[in-house]
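Input: a single structure, listed below in structure tokens.
The values are calculated or read from the model by the stated rules, or taken from the named source; none is laboratory data. Computed from a predicted structure; not experimentally measured. Cβ: placed from backbone, ideal geometry, glycine included. Neighbour counts: every protein chain shown.
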Amino acid sequence: MHTYDPSSPNLAHNPFNAIVGPRPIGWMSTKSKSGQVNLAPYSFFTALNYTPPIIGFSSIGRKDSLRNIEETGEFVWNLATRELAEAMNATCAAVPHGVNEFQLGHLTEVASVKVAPPRVGESPVAFECKVSQIIRLTSAENQPVDTWMIMGEVVLMHIAPHLLKNGVFDTAAAGLILRGGGPGDYFELGEKFVMKRPE
């Protein structure tokens, strides 16, 4: 077994986020109090709770998404698919504050119903969310880390009808993409297999 100590790297690339993955992408749209729209993908993202539905993502550094969410308490998660991969990638460009990433990705802003931030019109699924918690992460020694975990309750879902089969969301048909650990590594969801839970 190769032993890897994060405090003394001995590999060409940190294996942590390649092993914990592939990971779903948190493609978050936010809006500042003054009305400035932002859209950005986050690779540290997941579902956290079933009832009520809560999702969460981590912002490494105090980025526009975090600042907007702190101001308004709202955000929208948009499903990133293979079809939208290039547009999603365009929205992660390091651009000056105030640039609208919807325009960078040539994406359509569609008004949400229960929150102010718009959703990505081209995305087949969007979750409107209201913030439940924002937590600054700490190390094992209780030292603050430059990362914030944002959690939000899903208050409304928008789902393309063709992805609902007899009332069940067809994950495989959605063409969702996942983030790998290497520079620029992405994966398209593979084959489905079914395994029943033991009784």
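Data table
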| item | result |
| --- | --- |
| Answer residue from segment 121-144, given it is small (Gly, Ala, Ser), surrounded by 11 or more Cβ atoms within 10 Å (Cβ to Cβ) and not in a strand (DSSP E or B) and is nearest to the chain's Cα centre (by Cα) among those | SER123 |
| Residue ID - farthest from the chain's Cα centre (by Cα), chosen from residues in segment 145-197 that are loosely packed, with under 10 Cβ neighbours inside 10 Å and at pLDDT 90 or above | ASN166 |
| Where a residue in segment 123-141 is small (Gly, Ala, Ser) and its partner, wherever it lies, is buried (at least 19 other Cβ atoms within 10 Å of the Cβ) and outside any strand (DSSP E or B), with Cβ under 6 Å and at least six apart | SER123/LEU79 |
| Verdict on ALA47 being in contact with a strand residue (DSSP E or B) (Cβ under 6 Å, 6 or more places away or on another chain), surrounded by fewer than 17 Cβ atoms within 10 Å (Cβ to Cβ) and within 18 Å of LEU189 (Cβ to Cβ) | yes |
| Close pairs from segment 31-60: first more than 23 Å from ALA116 (Cβ to Cβ), partner at pLDDT below 95 and among the hydrophobic types (A, V, I, L, M, F, W, C), Cβ under 6 Å, at least 6 apart | none |
| Qualifying residues in segment 20-34 (those that are surrounded by fewer than 24 Cβ atoms within 10 Å (Cβ to Cβ), in contact with a helix residue (DSSP H, G or I) (Cβ under 7 Å, 6 or more places away or on another chain) and not small (Gly, Ala, Ser)) - the one nearest to MET88 (Cα to Cα) | LYS31 |
| Residues located in segment 163-182, provided they are among the aliphatic types (A, V, I, L, M), within 24 Å of TYR42 (Cβ to Cβ) and in a strand (DSSP E or B) | LEU176, ILE177, LEU178 |
| Segment 1-43 - residue that is modelled with pLDDT of 90 or more and among the small types (Gly, Ala, Ser) and, of those, nearest to ALA80 (Cα to Cα) | GLY26 |
| From the options GLY35, GLY26, residue that is touching a strand residue (DSSP E or B) at 6+ places or on another chain (Cβ under 7 Å) and of a type in the set (Gly, Ala, Ser) | GLY26 |
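Yes/no per residue for (1) within 18 Å of THR147 (Cα to Cα); (2) among the polar types (S, T, N, Q):
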{"site": "PRO9", "(1), (2)": "no, no"}
{"site": "LYS31", "(1), (2)": "no, no"}
{"site": "TYR42", "(1), (2)": "yes, no"}
{"site": "ASN78", "(1), (2)": "no, yes"}
{"site": "ALA87", "(1), (2)": "no, no"}
